[in-house]
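**Student:** Here it is, the structure in full.
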Amino acid sequence: MNNKRSKSLFSGTLVAQALKASIIKLNPAVMIKNPVMFVVELGAAIVLLMTVFPGYFNAEETVGFNLAVFFILLFTVLFANFAEALAEGRGKAQADTLKRTKEEITANKIIGSSVKTVASSELRKGDVVVVSQGEMIPGDGEVIDGLASVDESAITGESAPVIKEAGGDFNSVTGGTRVISDSIKVRITSDPGETFIDRMIALVEGARRQKTPNEIALNTLLISLTIIFLIVVVTLRPIAAYVGIELEVPVLIALLVCLIPTTIGGLLSAIGIAGMDRVTQFNVLAMSGKAVEAAGDINTMILDKTGTITYGNRMASDIVPVGGASLEETAAWAAISSLQDETPEGRSVVEWIKQNGISYDLSIGEDGSFVEFKAETRMSGIDLRDGRKVRKGAVDSVRKWVLAQGGAIPHDLERQANRIASDGGTPLAVAADNRIVGVIYLKDTVKPGMRERFSLLREMGIKTIMCTGDNPLTAATIAREAGVDGFIAESKPEDKIAVIRREQAEGKLVAMTGDGTNDAPALAQADVGLAMNSGTTAAKEAANMVDLDSDPSKIIEVVAIGKQLLMTRGALTTFSIANDIAKYFAIIPAMFMLAIPEMEALNIMSLGSPLSAVLSALIFNAIIIPMLIPLAMKGVAYRPMNASRLLSRNLIIYGLGGVIAPFIGIKLIDLIVHVWI
């Protein structure tokens, strides 16, 4: 995975900004958004009043202890604020970089037959502009005329320019990128404030970060636990007084802070922000945190063969005559059908014929009407001016077209097509009027390492389905070579939607990738839709994630990031609740030991004194938050495995570890504290 946007977790600038923000966040109006830490801040305020005005609270003899409790509680809140501020700071640093690409630039707007220079902020959806070599593209749009190389490094971090041209699935351009050759006409597709960069800035800054359903559910649980423990602690004092035991308010506040889940409460927001930031570091723009979480729960992954599983550069490697036609005749009709075909496949046919020295009459195709390839027909070709029609495309589609023209099917067509397909190639039939004259052998290559990656997905319990327009034999060969679990051959856009709906009807979450307008309905239907930045505007608007590198295979990494986010939150929640056990054995005996000597039996850590026990538990409770910040920000180390093994592993590491670590930590702190108390 290409980590272009990686940056140091504790760089000086980020830490300084986070320290300042952690103090600003002490504002109760801000703190109340995190109820767990708000309760800690409220407890600190009460203890501070008891320290500053001890006479009002009859606390003259415990001023030193109260002051220590206050500072520990204050730092507990500051550490939690620091974790959140540090996560936000990483996003804002990236946003600042993006904002530099939004500097006001001029645009050459076409008005009627003239061109007028206007500010980019004056452009509106539907306006048409001309962008020439060296100029910045003033806004998001689609190329409607021309072809140009575009430098998108400001957005993607990739220095290599990309080709943008009118028509097809590579006509989308982003505002703030630069044309480095030729000239293009662009139709603006977004109003000011709604551009791709605007959305990206808002998301990485966290300004519009909405809590995900899982995050809301966990937050509700934490609030519920806090309320329950608050009621317990509030009622504990009168109950203790009834049996003749006096409990000091600071000790009760210390008990409350140790009981409530402050560790996960202090880190929860940071985990969510860092999860979104982790996605953007890998050049994937997630439209919401919900999409990232959904990626972690994916059961089925639908992948296009071309560009995802294979390199996608299918090139003509042979032309095979059928039905008694000669190689020269077959090559001539193949070339004529491809003269106006600007796809890589079409251009490779013409190039193959040229390299093999086969001549043909170019004039036959002059002034002909080009028929573009469509996913529905799976053919392209040309209608000649003399009335003849030439087609090339999927063998079954061309066969049906020839039969509709009243023609016959050559006896060796199926044999030659199956031979090519069994070799992993894609056969394209070539027909002139009602006669099939040959088959073009298109060859593609499976990307190295795909079988191993699909094997890892299988271990994670994720089923992979390959969609391809190839015939069933070719599809089966590629599927077997790549190691996918299933495939859909001769796939049409509606087939993708059908398989997504079928999987969802079984209660499964589905992910898919796409870049064309015909992929938009399926991208919208999928739980996780990853669109390519090089694709059409329709695809990007339908998806809930956009890959700035336009690498379809990155959906596999996105799923891993989603799982890592869920694992991190689950692991830290487990650790937070587990480490409360040690705090009980520290504070409960300290509270009742003097009045009930038998409680000494619960002092299994042999802590020095009741006061040192309380302070040691509080100190551990505070310092564990900054100690876990790196884990919250970077995420739990992710290893592909099934859910049951993953759960067992995390329970051992973070559950059992969460129980053992505080016993050791509190005891070590007590050895130091007891020297002074």
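The values are calculated or read from the model by the stated rules, or taken from the named source; none is laboratory data. The model shown is predicted, which means the values in this text are computed figures rather than measured ones. Virtual Cβ from ideal backbone geometry, glycine too; neighbours counted across all protein chains shown. Accessible surface is based on the protein model in full, side chains and every heavy atom, while ligands, DNA and RNA are left aside. Shrake-Rupley method; radii C 1.70, N 1.55, O 1.52, S 1.80 Å.
**Student:** Based on the alpha-carbon set only, what is the convex hull volume of the stretch 397-508 divided per residue, in Å³?
**Tutor:** It comes to 105 Å³ per residue, whole-number rounded.
**Student:** Counting only helical runs of four or more DSSP H residues, what would the 222 nm mean residue ellipticity of the chain come to if each run contributes -39,500 (n - 2.57) and the total is spread over all its residues?
**Tutor:** Calculated mean residue ellipticity at 222 nm is -16000 deg cm²/dmol.
**Student:** Given a Förster distance of 35 Å, report the FRET efficiency between LEU19 and PHE53 from their Cβ-Cβ distance, rounded to the nearest 0.05.
**Tutor:** Once the sixth-power term is evaluated, E becomes 0.75.
**Student:** Ranked highest first by the average count of other Cβ atoms within 10 Å around their residues, in what order do 29-39, 433-443 fall?
**Tutor:** Ranking the peptides 29-39, 433-443 by packing returns 433-443, 29-39.
**Student:** Right, here's the next one. Hey, rough spin-label estimate for ILE652 and GLN355, points 7 angstrom out along Cα→Cβ, what's it come to in nanometres?
**Tutor:** So the label points at ILE652 and GLN355 sit 5.4 nm apart.
**Student:** Based on the Cβ-Cβ distance of SER455 and MET627, what FRET efficiency does E = 1/(1 + (r/R0)^6) give at R0 = 30 Å, to the nearest 0.05?
**Tutor:** 0.25
**Student:** State the extension gain, in nm to one decimal, for the chain segment bounded by LEU602 and HIS674, taking 0.36 nm per residue of separation less the distance between their alpha-carbons.
**Tutor:** Net length gain for the segment: 24.1 nm.
**Student:** Per residue, how large is the accessible surface of the chain? Use a 1.4 angstrom probe and give square angstrom.
**Tutor:** Here the per-residue accessible area is 43 Å².
**Student:** May I pose another question? Please compute one quarter of the surface area of the Cα convex hull for the stretch 311-445 and express it in square nanometres.
**Tutor:** Result: 7.6 nm².
**Student:** Over all directions, how big on average is the projection of the convex hull of the alpha-carbon atoms in the stretch 205-285, in square nanometres?
**Tutor:** Taking a quarter of the hull surface, the average projection is 6.7 nm².
**Student:** Next up: Report the paramagnetic label zone for ASP386: residues of the stretch 408-432 whose backbone N is under 14 Å from a point 7 Å from Cα along the Cα-to-Cβ axis.
**Tutor:** Only 432 pass the distance filter.
**Student:** Shifting gears a bit: Over the chain, what is the relative contact order in percent, taking alpha-carbon pairs closer than 8 angstrom and at least six residues apart?
**Tutor:** Once normalised by length, the contact order is 14 percent.
**Student:** With the crude spin-label approximation of a point 7 Å out along Cα→Cβ, what separation in nm comes out for ASP367 versus ASP191?
**Tutor:** 4.8 nm
**Student:** Okay, which of the stretch 387-430 sit inside 20 Å, backbone N to the point 7 Å along the Cα-Cβ direction of ALA476?
**Tutor:** From the stretch 387-430, the list is 394-397, 412-429.
**Student:** Quantify how much of the Cα-Cα distance distribution of the stretch 298-364 extends past 21 Å, in percent.
**Tutor:** Beyond 21 Å sits 37 percent of the P(r) for the stretch 298-364.
**Student:** What FRET efficiency would be calculated for the residue pair LYS400, VAL232, taking the C-beta separation as r and a Förster radius of 60 Å, to the nearest 0.05?
**Tutor:** The calculated FRET efficiency here is 0.20.
**Student:** A further question follows. Report P(r) for the stretch 501-652: all Cα-Cα distances, bin width 5 Å, range 0 to the bin holding the largest distance, values in whole percent.
**Tutor:** With 5 Å bins starting at 0, P(r) equals 2, 8, 13, 11, 11, 10, 10, 8, 6, 5, 5, 5, 4, 2, 1, 0.
**Student:** Whenever you get a sec, compute what percent of the accessible area on the chain sits on carbon and sulfur atoms (1.4 Å probe).
**Tutor:** Solvent-exposed carbon and sulfur of the chain make up 59 percent of the total.
**Student:** I've got another one for you. From the list [x] 36.3; [y] 40.9; [z] 45.1, can you say which value of mean projected area of the Cα convex hull in nm² was derived from the structure given?
**Tutor:** Of the listed options [x] 36.3; [y] 40.9; [z] 45.1, [x] comes from this structure.
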